[in-house]
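To keep things clear, I will list the structure first and then write my remarks on it.
No value in this document is a laboratory result; all are computed from the given coordinates. This one's a predicted model, so the numbers in the text were calculated from it and none came from an experiment.
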């Protein structure tokens, strides 16, 4: 089990632990998926999650609309892995707009694993989700606008998960080598070698 358990999975487990630790069996606290994705995005930007990346993804929002957000597929994959390892539990509830909200919390096995975290990983996660005053950030959502808030010291930091970046790229048609016999000497005409600098 440990050989498939990565440092980024430990970081993700620690984030979930921080946001669900106040809940007890009688009244458990769950962390919703959208705020968790905002934390993961901020963790990627601040280079806390080292092996994660993000890309635009159409996401169902709580009000029933769809928005493009920068979502980490690696983060979502690690959530599935943690679920398969029985370190987290998942809860899906329906909204008044007939959508679904997914939420996560630690299991007892997950809590045991969090206790094994190294001091360096604890400090990295602490710098990501706690303000300098020691307050745990609340992830506030207003449509597709997300922000980290610290209520005790009235701090607010915008999380740019909804700012989709333009990525330049050049494409060319795929022409298998056996087709160049049809074009004869015009083979160079179909090359994009001159576009390498774009």
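For segment 28-76, what is the relative contact order in percent, using Cα pairs closer than 8 Å and at least 6 residues apart in sequence?
34 percent.
State whether segment 2-159 is rounded, prolate or oblate according to the following rule on the C-alpha gyration tensor (a ≥ b ≥ c being the square roots of its eigenvalues): a/c under 1.5 gives rounded; otherwise a/b larger than b/c gives prolate, and the remaining case gives oblate.
Cα axes put segment 2-159 in the rounded bin.
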